[in-house]
Every structure is written in structure tokens, then in C-alpha cells.
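Asker: One structure follows; several queries about it will come next.
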Amino acid sequence: ARQTFLICLGLAAATVAVYWRVGTFAFLDYDDPSIFFLNGFVHDGLAWKSVVWGATTSYYEYWHPLMWWSHMLDCQLFGMNAGLHHLVSLAFHVANTLLVFALFRRMTGMVWRSAMVAALFGLHPLHVESVAWLAERKDLLSTFFALLSMWAYAGYVERAKVQNPRSKACYALALFMFLLGLLSKPMVVTLPFVLVLLDYWPLNRIEDLRVRILDFGKRGGKNTLGRMVWEKWPFFGLTAMFCFITWYSVKAGNHLPSVKAGSEDVHWPNIPVAYVRYLWKTIYPCNLAVLYPMPDHIPVWQVMGAMAALLGITWLVMRARESRFLFFGWFLFLGVLVPTIGVVRVGAQAMADRYMYESATGLFVAAVWGVAELSKRWRYRTALLSGLGGIAVAACAAVCWIQVQYWYDSVSLWKHCLAAGYESVIAHHDLGRALIDAGEPGKGLDEYEAALKMDPDDPYANQGYGTALLAAGRLNEATNYLAKALQVDPGNASVHGDMGMAMMGLTNYDEAMAQIWEEIRLEQNPAAAYAKMGKIYSAQGKSDDAENWYLKALQQNSAYGPAYYYLGVEYAQRGKLDEAATNLVRATELSPAALSFRIRLAQVYDQQGKIAEAISAYHAALRLNPHAPETMNNLAWILATTPDPTLQNGAEAVKLGLQACELTHWDMTLFIGTLAAAYAAAGDFDKAVETAQKACDVATAHGEKELLQANQNLMAQYKNRQPFRQKSGN
């Protein structure tokens, strides 16, 4: 018992040591917004209407109510603190690691082999995606319940051997845990087949792998394959039921391509190639990425070579009759992947790391038991095996540690994807969006252009580029790309929304409203569309109507951050600064990575005369984007000119002012004037006068008469050795 406790403690500690940084990670732009930010039911926590919605919806491709309830519970407990959500996912991964150890130890009696399998499970880099991506909580949940089902099934087998009446209770518990696994993610439909594999090894219940008609339902005689399958008919019944539910849900969501010979949507040649790639990435986990794009063409030699390799390994496994663990491990790997290998293609990926979260366990078992059996005649066997095991675990932990860091935010995730060699329209598009959100619009536009070069007709790329041009104020160009996206995909609600915003910018308010009404008609969760309608009314000066639409958006989704932001801006424009601050604070809580939200909050605090709060908000904005010149300038101005001596910081103001001027190539009169004020606040009046003169020169060159006069007045003040101080509240 003490040995088992120490092993469990070591496994948990090692897993946490590698993954603990996820507690500092943000939500990603990839799938997470649809689950968290655009879904008011999840934000509302375990409210009755949310629970009912989770139990009845097939939103987001599948019917998996436990996944929704899990996220709702997190929101109930932690709000939108992404780090704490991540730590819950880590806790499930640690639990799964310990369950793998406990399960194989129970079934095989082999302590150290089971510990090694569990260590590989906990630390293998292929599992990072399932742990570090909140949208894949369903992987962790479904595997958790699948392992509990296997544990209960092992208890059933143990008790059935001695005709213990509690065996039926264990069987019922195994079936119930299987149901919970299916309600988390239908990928675990293969569990009944896994239980049959467990019967063969390590439970050793199956004596004959041949299947005969008379085997099914037979009560006496040998434990044959047919009897073991028949014993699990309730499990197979649940599998059949959930296969139908999943097929229907995916079809209803228009994610299911037509399955017919020659269809471009069904990449049958990719199936054997993907199996070999999964096998290789388990052995050599290098260049792992969030998206492996489906190739347009796979060479025949690759397909034939992959098929030959798979058939060859299968033949060798079948020949090794004395090594049942090889049969178990290999067919666990092959079988568990069947639902996601591409027989029916869903998504743009050729493969995905997350699909190996459970199936890789088969390869771990085959490798660990295989090495242990091969080494029986080695001299110094214990020392050599300990050394080899330690090296393997350390290597996995090191690569896993590196892989985890790429999931910190969307920019690092997609940069790594492209650096690893997996170029695709989606990768460039999503990196472009992430860069723009991070305050780097130039680089973001470059990525969108790269996406369009790959496929000029792709609606996703056209929409992304159009949206980026919209954000950059290039409205006429934006409408061209958005119109092309609508031409290819007229039922895309979000494109209609973007087109509405472009038309608003062009003051074509009737067309803007028509586009937003279409978005409302098409969108299942129209909170964002309601907020856009509010923006259109606000642009026309209809403040009351705008406020009503923002409030309607919040009624639809009480945690939609942008609606609070727009409402806060509306109140600020009316001079209702307290109401503005309240809504902007809520917006930053719900959308902590939104730079513009924090900047606007800081401006409102400054207007209120809450200088300390404004400084704090600007510092928070700079942590989000340390290279935003406008943010640097605004903070430098406050630090240099605040009348409160406890908040003045001339040295920091000079540092920030210099950075802002350098980033804008000394061509912004306002920023140069701020730097002059910073030098004066720091007591360097000669530099202040020199810099103020430079501001005057730039103002003259740009024809900025008001800024010229203001800087001339300030320069006279600096010549008198006096810094500029704002009046309180200005």
C-alpha cells in the first residue's frame, strides 16, 4: 500500500510539474469563443434553463450534455477566469493518469509496468492538446468515465469468477459509467470492443478467438469470443444508439459530408497514412501542431506503404500468440481511433493529437510489456530497465514541457503550427485574427493575405481579410472581400454581421440593418448581432435605441463582454461616467484579453479623476500588448502631468514616451509633446524644451495649428523650469 501511494504521488507530482503553467493560460480564439464567450447558457452556470439547454442541444456538432454541464459548473465557480478552468482540466488529466495505473495494476498485478504505462500516459506530448485546450475538456471527461467503466468491469469479472452476487452491481456500474462517457463525448463508442480486448488480455477470459454462431448465448463450455461479445449486448446497444444520435446531430449541423465513391470530402487514402503518422508521432513526438491540414493529394506510394506497414505489424502481432499484450495493445490503438480516423470526415484535419488521448495507451502497453518480456535474460536487467524507463519518461516530460508553452495563447499556438510546417488557410487566418486582437494589425493583414494566396476563393479567408480591412478602416475594400465570402457561403451568419458593420461605416444604415437582421435570422445565439444593431443606432445618434439593443444582447447572453463595452462607451458619450465605468469593468472581467476594453476603461477613470485606477488600467493594457504606442502615450501623459505627487513618475513617463515616439518614427506631434512633458516631470527641462521644439516642428509640417500653439505654450513653461500639471479631473 505504501509503495502504491508513493507511485501515485510521484505520477501526480510529475504530471502537475509539467502542466502547472496552464493555470496562467488564456482562452483561445479557436473554438473557445463558441463555447464560452458567445454562449450565454454556459456563462449563466448551472441555472435550470442552462441545464435543460445542455441536455437537449446538439450545438457545436455533437450531443454531449456532460461536457456542457462541466463548463457551466466551472463558470458557476470561477466566472471567466481561464486559468482556473485550465486547472480543472489538469485535475482530470491527473485523475486519468492515476486511473490508468490503478486499472492495469489491478488487472495484471504488475506494479512497475503499470506505473510506466501511466507515466507515459501522463507525460506524453501527444496529450497536451487535450489538456491545454479548454474546448477539449470532453476528451478528459469521456476518458475519465471510460476508465471508471473498465475498473468496474474488472470488478465484475473478479466477482463473477467466485459467483459473488455483487458482480451484477459492478456490471451495472460499468454500464452506467459507459453512459456517462458517451454523454461526455461519443468517441468512446468503441468501449465494448475494448472490454472484449480486456477479456482476451489481461483478464484472460477468452480461450478461443474463433467466432461461431453457436458461441452466442452459450452458457457452458469454453469462454469463447462469441460468448464474451454476447455478454456485453447492453454495451453494444448503447454504442449503436449513440452512433445514430451522433450521425443525426452532425448531419443536422451540416457538418457531415456526403459519403460516396469519389467524393472529395472523404479522403479514404488518408486513413492508412494517418494510422502510420499516429504511430510515428507516438514514437517520435516532434512537430506536433493544433492542425494537420488534409492534403489535396496523397501519393500512391505513401498509401501502399502505409497499408503494407499496418498489415505487416498486424501479421506479426497475430503470430505472437504467446504475447497477448501485443494483440491487446495493437488492436486497442487501431480500434479506438476508428470513430475519428476519417471514415466519415468531420473537419479540415487529416489527424489530430487529441484523438490519441485514449488510443495511445495501447501502444504504451505493447511497448512496456514488450521490453519487459524481451529483457528477461538480460544481465543487470533491473538496473537497465530502470535506466531506460527513466530516460523515456524524462524525454517525454521535456518535450511535453516545451509543447505546453505553445498553448499559452492563440498567437503562439498558430505561429508554432506554421513553423512546424503545417501551412493552411485556417492557420494563416487564425494567426491573422490573433495578431490583430493582440494589437499588431499590419502583421495580421499579412497573414490574411497569405491565406488568400493559398486559396483566393476560400470563404473563410475572404471573410477574415474583409474583417481585418474593416478593422483597419478600409471599408470599400472590406465589402469586396465580404461580398465574395457571401457569394460562396450565403448562409454564414457572421459574414452578414461583418458586412453590416462595413455598411454602417459607409453610412449606408438601411443596408447595414438588413445585413444584421439576416445575421439574427441565421444565428442560433444572436447576442452579438443584437449588439451590432445597437452600434448602428448609436452611429445615427439614436442613443436610447442603441442602449435598448445592447440590453437586449445582454438578456440573450448575460456574459457577452462586447455588449457591456458598447454600453459603457454609450454612457461615457452621454457623460454618465459612473455607469460607463461599471459596464466597462464588467466588460474587462468577461473579456480579459480585449485591449480596447481596458484602454477605454482607463480613459473613463481619467475623466472621473480616478488617476490611480486609470494608471492601473493602462498598465493592464500594456501587459496585454507591450508595444501599443497609444497606450504608452496615454499612460506617460498621466504619469507626467497628474497633480497627485504620490502618483507622479517622471522616469517611467520618459521611458514610455520614448518608446511611443520610436514606434511611430517620431512623426506624431501628440506623442512628442507627451515626451516633452515627461522630461519636464523628470526635472530635465533642457530636454523638455528641445523635445517640445521638435513637437512644434512636426506640428508645423503636418499643418496642426492647435497642437502647434499648445506645444509653444508648454515650451515657454518648460523654459521657466516648470512642469505641466493637469487640473484634477482633466
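The values are calculated or read from the model by the stated rules, or taken from the named source; none is laboratory data. On a predicted model such as this, the values are computed, not experimentally measured, just so you know. Cβ atoms come from the backbone with ideal geometry, glycine included; neighbour counts cover every protein chain shown. The accessibility values were calculated without ligands, DNA or RNA, using every heavy atom of the protein model including side chains. Shrake-Rupley method; radii C 1.70, N 1.55, O 1.52, S 1.80 Å.
Asker: Which one of these does Ala289 not meet: (1) part of a helix (DSSP H, G or I); (2) at pLDDT 95 or above; (3) surrounded by 13 or more Cβ atoms within 10 Å (Cβ to Cβ)?
Answerer: (1)
Asker: So, of the residues in region 688-708 that are among the acidic types (Asp, Glu) and farther than 18 Å from Tyr718 by Cα, which turns out to be surrounded by the most Cβ atoms within 10 Å (Cβ to Cβ)? Spell out the reasoning first.
Answerer: Taking region 688-708 and keeping what is among the acidic types (Asp, Glu), we get 690, 697, 704, 706.
Remaining after also requiring farther than 18 Å from Tyr718 by Cα: 704, 706.
Numbers: Glu704: 17, Glu706: 9.
Of everything passing the filter in region 688-708, Glu704 is surrounded by the most Cβ atoms within 10 Å (Cβ to Cβ).
Asker: Out of curiosity, is Tyr571 under 30 Å from Gly609 (Cα atoms), open to solvent by less than 50 Å² (accessible area, probe 1.4 Å) and within 30 Å of the chain's Cα centre (by Cα)?
Answerer: In short, no.
Here is a yes/no grid of residues against (1) assigned to a helix (DSSP H, G or I); (2) open to solvent by less than 50 Å² (accessible area, probe 1.4 Å); (3) out of contact with any helix residue (DSSP H, G or I) (no Cβ under 6 Å at 6 or more places or on another chain); (4) charged (D, E, K, R):
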{"position": "Pro490", "(1), (2), (3), (4)": "no, no, yes, no"}
{"position": "His496", "(1), (2), (3), (4)": "yes, yes, no, no"}
{"position": "Met499", "(1), (2), (3), (4)": "yes, yes, no, no"}
{"position": "Thr507", "(1), (2), (3), (4)": "no, no, yes, no"}
{"position": "Ala512", "(1), (2), (3), (4)": "yes, yes, no, no"}
{"position": "Gln515", "(1), (2), (3), (4)": "yes, yes, no, no"}
{"position": "Gln524", "(1), (2), (3), (4)": "no, no, yes, no"}
{"position": "Asn548", "(1), (2), (3), (4)": "yes, no, yes, no"}
{"position": "Tyr566", "(1), (2), (3), (4)": "yes, no, no, no"}
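Asker: Can you confirm whether region 104-115 contains a residue that is surrounded by fewer than 24 Cβ atoms within 10 Å (Cβ to Cβ), modelled with pLDDT under 95 and outside any loop (DSSP other than H, G, I, E, B)?
Answerer: no
Asker: Another question, then. Give me a count of the residues in region 216-270 that are at pLDDT 70 or above, open to solvent by 70 Å² or more (accessible area, probe 1.4 Å) and closer than 22 Å to Ile298 by Cα.
Answerer: Of the residues in region 216-270, the ones at pLDDT 70 or above are 223-249, 267-270.
Retained after the next criterion (residues that are open to solvent by 70 Å² or more (accessible area, probe 1.4 Å)): 230, 233, 241, 244, 247-248, 268.
Keeping just the survivors that are closer than 22 Å to Ile298 by Cα gives 268.
Count: 1.
Asker: crowded, with 24+ Cβ neighbours inside 10 Å, out of contact with any Gly (no Cβ under 8 Å at 6 or more places or on another chain), among the aliphatic types (A, V, I, L, M) and touching a residue at least 60 places away in the same chain (Cβ under 8 Å) - does that describe any residue in region 336-358?
Answerer: yes
Asker: Additional query: Pick out, from region 1-100, the helices (runs of 4 or more DSSP H) lying fully within it that include 1 or more residues that are surrounded by fewer than 20 Cβ atoms within 10 Å (Cβ to Cβ) and touching a residue at least 40 places away in the same chain (Cβ under 8 Å). Step through it out loud before you land on a result.
Answerer: On the way: elements: 2-19, 32-35, 40-43, 48-56, 65-78.
Output list reads 2-19, 32-35, 65-78.
Asker: Can you name every residue in region 639-667 that is within 38 Å of the chain's Cα centre (by Cα) and aliphatic (A, V, I, L, M)? Step through it out loud before you land on a result.
Answerer: From region 639-667, those within 38 Å of the chain's Cα centre (by Cα) are 639, 652-653, 655-665; that's our starting set.
Hits for region 639-667 are Leu639, Ala653, Leu656, Leu658, Ala660, Leu663.
Asker: Can you tell me which residue is surrounded by the most Cβ atoms within 10 Å (Cβ to Cβ) among those in region 386-421 that are among the hydroxyl-bearing types (Ser, Thr, Tyr) and part of a helix (DSSP H, G or I)? Talk me through it step by step, then tell me what you get.
Answerer: Looking only at region 386-421, we keep the residues that are among the hydroxyl-bearing types (Ser, Thr, Tyr), and these are 386, 406, 408, 410, 412.
Going one step further and asking which of them are part of a helix (DSSP H, G or I), we end up with 386, 410, 412.
Working: Ser386: 12, Ser410: 23, Ser412: 14.
Once the filter is applied, the top-ranked residue is Ser410.
Asker: Among all residue pairs at least 6 apart or on different chains, which show Cβ distances below 8 Å where the first residue, located in region 316-327, is closer than 18 Å to Asp199 by Cβ and the second is crowded, with 17+ Cβ neighbours inside 10 Å and of a type in the set (Ser, Thr, Tyr)?
Answerer: Arg324/Tyr200; Phe327/Tyr200
Asker: Could you tell me whether Thr382 is among the polar types (S, T, N, Q), open to solvent by less than 40 Å² (accessible area, probe 1.4 Å) and assigned to a helix (DSSP H, G or I)? Let's see the steps before the verdict.
Answerer: Details: among the polar types (S, T, N, Q): yes; open to solvent by less than 40 Å² (accessible area, probe 1.4 Å): no; assigned to a helix (DSSP H, G or I): yes.
Criteria not met by Thr382.
Asker: Can I ask one more? In region 619-653, what count of residues is obtained for those that are without any contact (Cβ under 8 Å) to a residue 60 or more places away in the chain, open to solvent by 20 Å² or more (accessible area, probe 1.4 Å) and in contact with a helix residue (DSSP H, G or I) (Cβ under 8 Å, 6 or more places away or on another chain)?
Answerer: The total comes to 11.
Asker: Could you tell me which residue of region 422-472 is least open to solvent (accessible area, probe 1.4 Å), considering only residues that are part of a loop (DSSP other than H, G, I, E, B) and closer than 18 Å to Ala485 by Cα? Spell out how you get there, then give the answer.
Answerer: Let us first name the residues in region 422-472 that are part of a loop (DSSP other than H, G, I, E, B), namely 422-424, 438-440, 455-458, 472.
Going one step further and asking which of them are closer than 18 Å to Ala485 by Cα, we end up with 424, 455-458.
Working: Ser424: 11, Asp455: 56, Pro456: 70, Asp457: 92, Asp458: 33 Å².
Checking each candidate, the answer is Ser424.
Asker: Looking at region 8-26, is at least one residue modelled with pLDDT under 90, hydrophobic (A, V, I, L, M, F, W, C) and under 30 Å from Ala563 (Cα atoms)?
Answerer: As a first pass, look at region 8-26 and keep what is modelled with pLDDT under 90: 26.
Subsequent filtering for residues that are hydrophobic (A, V, I, L, M, F, W, C) retains 26.
Still in the running and under 30 Å from Ala563 (Cα atoms): 26.
Yes.
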